[in-house]
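Okay, structure first, notes after.
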Amino acid sequence: AQSVTQLDSQVPVFEEAPVELRCNYSSSVSVYLFWYVQYPNQGLQLLLKYLSGSTLVKGINGFEAEFNKSQTSFHLRKPSVHISDTAEYFCAVRPNAGGTSYGKLTFGQGTILTVHP
Amino acid sequence: DTGVSQDPRHKITKRGQNVTFRCDPISEHNRLYWYRQTLGQGPEFLTYFQNEAQLEKSRLLSDRFSAERPKGSFSTLEIQRTEQGDSAMYLCASSLGVGSRETQYFGPGTRLLVL
């Protein structure tokens, strides 16, 4: 089984400031890791994913995340945020082995990022 | 490719009524997932189809819930005898490929309010 903990439920930040959204996970098997963004009244949009290889992955809209296996973390960062980044962000994991749970995503509780002018 | 669509976008119903939601996946995507998202929480897995076969169901999916995917195209999620605790956003996602090549694309969701 997998579990995901997003350490901050809300993160307020000023425009053009850097931001980090924290995510820790627990799993008995190897996993793929994902960050999704959800704008109000919309579905989830994939920001980035870690599958293998380099632990630093870059995504859309200037976001990046770093996979740390020893700390079982996958924190999301952006060096300079914009008003339009205001949204809810979800960290998720998925087993990378076979079986019927193959594609099922397990999500964290979400972090609401609010960017103030 | 118009993305994953869901209908209706919003549904208000009275406790005890039955409701049905529809999901149209991206064309040719063979996998389809349903998730439920309650206020302040992340989405939780409900069930998943590969083509027309329902391969996994969560314990969250009580006997009042049933999902189908006839012909491996669109899917429906029916809730019978709705309860106030069923109020949530119901999300559908579709994907193609396996392993590292699988990426789930989400629809806009159906928001259900049970009065």
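FYI, it's all coordinate maths here, none of it is from the lab. No experiment lies behind these values; they were computed from the predicted model shown. Don't worry about glycine lacking a Cβ; one is built from the backbone with ideal geometry, like all the others, and counts go over all protein chains shown.
Output yes when any residue across the stretch B:50-59 is among the acidic types (D, E), at negative phi and within 13 Å of chain A (Cβ to nearest Cβ), and no when none is. Looking for residues that are among the acidic types (D, E), at negative phi and within 13 Å of chain A (Cβ to nearest Cβ), one finds at least one in the stretch B:50-59, hence yes.
Only a single item in (1) out of contact with any Leu (no Cβ under 8 Å at 6 or more places or on another chain); (2) β-branched (V, I, T); (3) touching a residue at least 40 places away in the same chain (Cβ under 8 Å) is not met by A:T55, and it is number (3).
Considering the stretch A:60-112, and only residues there that are more than 14 Å from B:P43 (Cβ to Cβ) and among the aliphatic types (A, V, I, L, M), the residue that is surrounded by the most Cβ atoms within 10 Å (Cβ to Cβ) turns out to be A:A65.
Which residues, taken from the stretch B:69-111, are of a type in the set (A, V, I, L, M) and either within 14 Å of chain A (Cβ to nearest Cβ) or surrounded by fewer than 20 Cβ atoms within 10 Å (Cβ to Cβ) (or both)? Outline the logic, then answer.
Looking only at the stretch B:69-111, we keep the residues that are of a type in the set (A, V, I, L, M), and these are B:77, B:79, B:88-89, B:91, B:93, B:96, B:98.
Correct list: B:A88, B:M89, B:L91, B:A93, B:L96, B:V98.
The set of residues in the stretch B:33-45 being facing chain A (nearest Cβ under 10 Å) and either in a strand (DSSP E or B) or more than 18 Å from B:Y90 (Cβ to Cβ) (or both) consists of B:Y33, B:Y35, B:Q37, B:E44, B:F45.
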